[in-house]
Amino acid sequence: MVSNAHGSPVKALLVEDIAVCTFVLSAMLRRFNCEIGVANNGKEAVDFFLDGKKFDIVLCDKDMPIMSGPEAVEKIRALGETDVMIVGVSADDNAMEAFMNAGADVFVHKPMKLETLGTMIQEVINKKNAMI
Amino acid sequence: MAATMKLGTLGHAASMLSTGLLDEQFQKLLLLQDGSDPNFVAETITLFCEDGERTIGELTKQLDKRCVNFDEVAAFVHKLEGGSATVGAQRVKNTCIQFLEFCKEKSRDGCLKTLDTLRVVFYDVSGKFKAMLQLEQQQAEATK
């Protein structure tokens, strides 16, 4: 059971170009009462941060048009966004190295399990609560 | 009403699971459906089928070119692999994995053969998904 943060809900950014994956992951995030932003590729994700938007967690696919997941992760970290939990998500077995080298905190093989997402959301909530 | 609707879906899903068309990921999707999102499974399946059909069309076009761009082909296959993993369409996912190997080898023949297999497997699962949704709709109308 994921316990809520004292105050604001967890802000999640979903970076994914596959419509069905976005749909299912959004449903999972809603289970944990997350506020959800969606980017269809890495560039849109980076643009969110450049526009000053803040997120607690980013779930990022690897292969996307215009800008890949690892490239976006690298750029997001280079903006000084070190607090946000970044999760690389891919069906590609070789994606883990690319994501971790880019600065992701964790890699999860697609499909994401609800329990795994719950554990990560709880970690984010614990961190937010510790900061209050 | 929800329980009655699910029985038809569960029956179809059980048969697709036992033949290896679907894996346990599909069962997890069924668990995500609740009162606040009663059409979740139907919408997920519909998105997968529509996306998949578009992707197969694109793959056919790409492999028809005189000079095949295997990176582009692989990008489309990755999309279908990701979508099929998400809905639990195991056989489609496994065929995509084989397809990606031929893309790495830059084997046009291998890609073309695998595309034929992918078409058969995809239309098999999407046909059964559509039958499942039709049954759900009929049951929903019967209980109105």
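The values are calculated or read from the model by the stated rules, or taken from the named source; none is laboratory data. None of these values were measured; they are calculated from a predicted model. Reconstructed Cβ throughout: ideal geometry from the backbone, glycine too, with neighbour counts over all protein chains shown. The accessibility values were calculated without ligands, DNA or RNA, using every heavy atom of the protein model including side chains. Shrake-Rupley method; radii C 1.70, N 1.55, O 1.52, S 1.80 Å.
In table form, for the structure just shown:
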read-out	value
With Cα atoms, 0 to 90° folded angle of helix B:90-104 axis to chain B main axis	10
Accessible surface of B:Thr95 - all protein chains present, 1.4 Å probe, nearest 10 Å²	10
Cα centre as origin, Lys/Arg/Asp/Glu Cβ charges: segment B:40-144 dipole, Debye	220
Reference-scaled alpha-carbon Rg (2.2 N^0.38 Å with N residues) for segment A:5-132	0.96
The protein assembly as shown - percent of accessible surface contributed by carbon and sulfur, probe 1.4 Å	54
In order through segment B:18-34: 3J(HN,Hα) via Karplus (6.51 cos²θ - 1.76 cosθ + 1.60), integer Hz, x for Gly, Pro	5, 8, x, 5, 10, 10, 5, 4, 5, 4, 5, 5, 4, 6, 6, 7, 9
Tilt relative to chain B, helix B:40-64 - C-alpha long axis, 0 to 90 degrees, to 10	20
Entries in A:Lys43/B:Lys130; A:Lys62/B:Lys28; A:Lys113/B:Lys113 that, when Cα-Cα distance is taken, lie over 27 Å	A:Lys43/B:Lys130; A:Lys113/B:Lys113
Distance between segment A:44-74 and segment B:92-141 - C-alpha centres, whole angstrom	30
Under the Karplus curve 6.51 cos²θ - 1.76 cosθ + 1.60, θ = phi - 60°, whole-Hz ³J(HN,Hα) for segment A:49-62, x wherever Gly or Pro sits	5, 5, 7, x, 6, 10, 9, 8, 8, 10, 9, 10, 6, 8
0 to 90° range, to nearest 10: angle between helix B:108-142 axis and chain B longest Cα axis	10
Under-5 Å amide H pairs with A:Asn41, H placed in peptide plane, nonlocal only	A:Glu16
Estimated dipole of chain A in Debye, rounded to 20 [Cβ of Lys and Arg +1, of Asp and Glu -1, Cα centre]	480
Kirkwood estimate for the protein assembly as shown, i.e. one over the average of 1/r between Cα atoms, Å	19.7
Debye equation applied to the C-alpha atoms of segment B:75-115, log10 I(q)/I(0) at 0.24 Å⁻¹	-0.71
A:Met100, A:Met112, ranked by accessible area, largest first (probe 1.4 Å)	A:Met100, A:Met112
Pairwise burial A:B, computed as accessible area of each alone minus the pair, summed, 1.4 Å, Å²	1700
Proximal aspartates and glutamates to A:Lys128, defined as alpha-carbon separation beneath 12 angstrom and excluding residues fewer than eight positions away on the same chain	A:Asp56, A:Asp83
